[in-house]
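What follows is a single structure, written as structure tokens, with notes after it.
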Amino acid sequence: MGLITPEIGLLFWMFVTFGIVFFILAKFAWKPIMKSLSEREDSIAEALDKAEEAKKQMANLKADNEKLLAQARSEREAILREAKEMKESIIAQAKSSADTEGKKMIASAKENIEREKSAAIADLKNQVAAYSIEIAEKLIRKKLESNKEQDELVNKAINDFHLN
């Protein structure tokens, strides 16, 4: 029961021991403990500041990445738009070229047809002239005295003409 109801001597020696321990702790341990606590507090505050700074840098990097992505998307769209315009230009150019080439071919074919037609007409005229001369020659060679003989000769020449 001595611990529950301490005596005066025990209390005195407990206070003296507490005072000595307190004095030793205050003299030798209190400053280093407080210093280490202060250093720890400073390092924690510094770590929090660095974490906050890192968080801000991450936000900045994220914003920069978003800007770069937006810029890359706009460049991609511009390139696609330019490619589409180039494709349409090439198609229009090809159509125009094909149209021009087709018109040239049609014009050339028309010229050939006209040339052949002119040549055929000239040949026909030459043949008609040759037949006319031949008929006239036959008529002149025969000295015809009557119209009946002339008619018979003309009919015969016409029949010969159809046979050739």
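State whether one or more residues within region 117-124 are part of a helix (DSSP H, G or I) and more than 30 Å from Asn159 (Cβ to Cβ). Yes; the residues of region 117-124 include at least one that is part of a helix (DSSP H, G or I) and more than 30 Å from Asn159 (Cβ to Cβ).
If you go through region 35-50 one residue at a time, do you hit one that is of a type in the set (Gly, Ala, Ser), without any contact (Cβ under 8 Å) to a residue 12 or more places away in the chain and touching a Leu at 6+ places or on another chain (Cβ under 9 Å)? Taking every residue of region 35-50 in turn, none turns out to be of a type in the set (Gly, Ala, Ser), without any contact (Cβ under 8 Å) to a residue 12 or more places away in the chain and touching a Leu at 6+ places or on another chain (Cβ under 9 Å).
Each value in this text was obtained by applying a stated rule to the coordinates, not by laboratory testing. Values in this document were obtained by computation on a predicted structure and should not be read as measured data. Here the Cβ is made from the backbone with ideal geometry for all residues, glycine too, and neighbour counts use every protein chain on show.
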